[in-house]
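Scroll down for the structure; my scribbles are underneath it.
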Amino acid sequence: MLNYLTQVIAGPTPQSEPLFGRGSEMVLNSAGGFVFPVDDWKRMERFLILGAEGGSYYASERKLALENAEATLRAIEADGLRAIRLIVKVSDGGRAPKNDPALFALALAASAGDDRTKRAAFRALPIVARTGTHLFRFAEYVDSMRGWGRGLRSAVADWYLSRSVSERAYQMAKYRQREGWSHRDLLRLAHPKAEGARDALFGWATQGRLDAAVWPELRLLEGYEKARTAATAREAATLIRDYELTREMIPTQFLQSPEVWEALFDRMPLTALIRNLATLTRVGLMAPLSATARAAAERLGDAEALRKARVHPIAVLAALRTYAAGKGVRGSGEWAPVPTVVDALDRAFYRAFENAPATGKRFYLALDVSGSMGYGEIAGVPGLTPRVAAAAMAMTIARTEPQYTFGAFAHEMQRLSIRATDSLEQALETTDGLPFGATDASLPMLAALEQGLQVDAFVVLTDSETWFGRMHPVEALRRYRDKTGIPAKLVVVAMVSNGFTIADPNDAGMLDVVGFDTATPQVMADFAAE
Ligand code: CA
């Protein structure tokens with residue numbers, strides 16, 4: 001006789017079927033397993049932070065972007081002002097590795113939102129589009145979505161009228177054109193009305209005339225124009241020092257000169273320093289034991305400066321991987337990495353997150369290393385698959401918490417021998433070296449039970465494309481809680497911007513966060529400490 005109680009209601013339920021009584025709440029993921037869907041707000045947040053670059057194992061870049069755009073659109077239609085608050089929070093807070101998704105979502109709100117939403121989107125433009133490049137990117141997006149009506153034109157005009165004249169001159173000289181747009185194009189569309197130095201700045205951008213002598217705020221432009229006609233690298237270096245020019249303002253023929261880089265180095269913005277470490281080393285300026293290497297390491301160690309410059313951990317990780325490799329991805333020469341600079345990047349990765357204090361809880365850090373996690377690129381960083389990125393993300397907890405253990409799962413548990421004292425490169429390499437397999441996200445909880453581990457919080461870094469298991473991850477967690485008496489929590493760290501989660505939204509002991517949100521370690525710590 002069929003035992004209805006044990007075989008139907010009491011579980012376990014294979015992942016290829018929905019949990020008993022939850023069929024209407026669960027959805028089939030791309031791998032053929034039943035999981036919970038995330039709502040449009042959560043999906044939009046995942047998109048703002050993770051983007052859709054490189055797509056995923058299951059979706060092309062275009063398909064993933066389209067799904068995310070649709071979820072974002074639904075969020076905008078449901079509550080436009082809330083959507084804009086979310087865009088501003090992620091963008092202005094420096095929480096995402098790239099600003100493109102935020103600019104795209106803002107353009108969407110400025111095009112498809114109701115009147116109130118559009119006005120709020122226009123007001124948010126100077127906050128979300130902080131650089132000239134951001135503005136051009138926004139223009140490119142919005143141009144494909146709507147016409148250049150009065151509201152949009154005056155929003156762009158406001159961008160040019162916001163901030164001090166010298167700040168705007170800096171952005172306009174640094175980024176003169178991108179994405180097929182120039183300041184001349186946008187100024188002609190928007191027609192901002194200004195007087196004095198600002199009017200002179202607009203005149204320079206549209207007609208190329210400059211009367212810098214009259215306007216001290218425009219001194220930078222005078223330097224910029226002089227650099228364009230500089231005859232020698234020495235002359236360019238002198239101009240860089242005299243006028244505080246940046247790399248973007250220097251003709252490319254001078255960018256192989258150590259003298260020019262030495263001049264640039266002194267006032268180089270932190271984000272530029274991180275991007276140019278390889279070049280500084282290649283031209284011979286940054287050598288072991290050099291003053292330059294020491295200064296660079298010091299600057300990378302300044303947590304406050306990292307935050308102020310909105311340096312994202314992913315940008316640091318990308319720089320670390322490239323720099324430590326000693327050769328460019330696109331064949332841009334070779335260099336001998338300076339060890340102290342590599343160390344400084346390693347430390348800067350952790351400092352670029354919001355500072356989360358240790359909770360003292362017992363953490364089980366479970367990395368999904370299945371086949372699907374080996375596809376796609378986080379924030380377009382070559383080789384930074386969700387699989388290896390998960391290791392970097394998990395290291396933020398291992399470095400903070402006194403009690404942690406690592407586990408890696410595919411269709412079975414795998415031994416993952418990394419620890420907090422490992423360098424990021426080591427941790428990533430070790431993870432990268434594990435075999436691939438099918439996915440069963442219930443394994444970490446079952447393994448902890450089998451090994452008799454006392455766990456307060458399971459942190460599962462995954463794309464939630466689990467399908468292989470004989471029970472659902474939430475069933476495994478409940479079994480763990482029942483058998484151990486520990487009210488263990490589950491944090492799901494989304495590593496792909498899809499719409500799935502293994503966390504039960506009705507269970508207050510489960511939480512969804514987004515991988516590589518700079519706020520994530522703090523949110524996880526708060527949740528674990530509750
Ligand atoms: Ca998988």
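Say we look at region 51-95 and pick out the residues that are of a type in the set (S, T, N, Q) and buried (at least 19 other Cβ atoms within 10 Å of the Cβ); which of these is farthest from Tyr141 (Cα to Cα)? Lay out the reasoning, then the answer.
As a first pass, look at region 51-95 and keep what is of a type in the set (S, T, N, Q): 56, 60, 68, 72, 91.
After this cut, where a residue has to be buried (at least 19 other Cβ atoms within 10 Å of the Cβ) as well, the list is 56, 68, 72, 91.
Numbers: Ser56: 23, Asn68: 15, Thr72: 15, Ser91: 16 Å.
Taking the candidates together, the pick is Ser56.
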* To do: State all residues of region 48-72 that are over 24 Å from Ala109 (Cβ atoms) and hydroxyl-bearing (Ser, Thr, Tyr); if no residue qualifies, say none.
  => Ser56, Tyr57, Tyr58, Ser60
* Can we say Arg130 is charged (D, E, K, R), farther than 30 Å from Ala212 by Cβ and surrounded by fewer than 22 Cβ atoms within 10 Å (Cβ to Cβ)? -> no
* **Conditions (1) buried (at least 18 other Cβ atoms within 10 Å of the Cβ); (2) modelled with pLDDT of 95 or more; (3) in a loop (DSSP other than H, G, I, E, B); number of the one not met by Val474** => (3)
* To do: Identify the residue in region 186-213 that is part of a loop (DSSP other than H, G, I, E, B) and in contact with a helix residue (DSSP H, G or I) (Cβ under 7 Å, 6 or more places away or on another chain) and, among all such residues, is surrounded by the fewest Cβ atoms within 10 Å (Cβ to Cβ).
  => Arg209
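Specify the residue that is surrounded by the fewest Cβ atoms within 10 Å (Cβ to Cβ); the eligible residues are those in region 402-460 that are hydroxyl-bearing (Ser, Thr, Tyr) and at pLDDT 95 or above. Working first, answer last.
Restricting attention to region 402-460, the residues satisfying the condition of being hydroxyl-bearing (Ser, Thr, Tyr) are 404-405, 417, 421, 423, 430-431, 439, 442.
Add one more test, that the residue is at pLDDT 95 or above, and what stays is 404-405, 421, 423, 430-431, 439, 442.
Details: Tyr404: 21, Thr405: 16, Thr421: 8, Ser423: 15, Thr430: 18, Thr431: 24, Thr439: 27, Ser442: 25.
Looking at residues that are hydroxyl-bearing (Ser, Thr, Tyr) and at pLDDT 95 or above, I get Thr421.
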* To do: Among the residues of region 369-397, write down those that are away from the ligand (no atom under 16 Å from the Cβ) and in a loop (DSSP other than H, G, I, E, B).
  => Glu377, Val381, Pro382, Gly383, Leu384
* Asked: Which ones in region 398-423 are outside any loop (DSSP other than H, G, I, E, B) and within 16 Å of the ligand (Cβ to nearest atom)?
  -> Gly407, Ala408, Phe409, Met413, Gln414
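Can you confirm whether Arg347 is assigned to a helix (DSSP H, G or I), among the charged types (D, E, K, R) and surrounded by fewer than 23 Cβ atoms within 10 Å (Cβ to Cβ)?
Details: assigned to a helix (DSSP H, G or I): yes; among the charged types (D, E, K, R): yes; surrounded by fewer than 23 Cβ atoms within 10 Å (Cβ to Cβ): yes.
Judged against the criteria, Arg347 is a match.
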* **Single residue of region 342-368 satisfying the filter (more than 16 Å from the ligand (Cβ to nearest atom) and in contact with a strand residue (DSSP E or B) (Cβ under 9 Å, 6 or more places away or on another chain)) that is farthest from Tyr404 (Cα to Cα)** => Thr359
* **Close pairs (7 angstrom Cβ cut-off, 6 or more residues apart or separate chains): free of Cβ contacts under 8 Å to residues at least 24 places away in the same chain in region 334-354, in a helix (DSSP H, G or I) and among the basic types (Lys, Arg) anywhere** => none
* State whether one or more residues within region 449-459 are over 19 Å from Thr385 (Cβ atoms), among the charged types (D, E, K, R) and within 13 Å of the ligand (Cβ to nearest atom). => no
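Looking only at residues in region 477-511 that are among the polar types (S, T, N, Q) and away from the ligand (no atom under 16 Å from the Cβ), which one is surrounded by the most Cβ atoms within 10 Å (Cβ to Cβ)?
Of all residues in region 477-511, those among the polar types (S, T, N, Q) come to 484, 497-498, 501, 506.
Restricting the remaining residues to those that are away from the ligand (no atom under 16 Å from the Cβ) gives 484, 506.
Values: Thr484: 15, Asn506: 10.
Here the residue is Thr484.
The values are calculated or read from the model by the stated rules, or taken from the named source; none is laboratory data. Note that this is a predicted model, so its numbers are computed, not measured. Methodologically, a virtual Cβ is constructed for each residue, glycine included, from the backbone with ideal geometry; neighbour enumeration extends over all protein chains shown.
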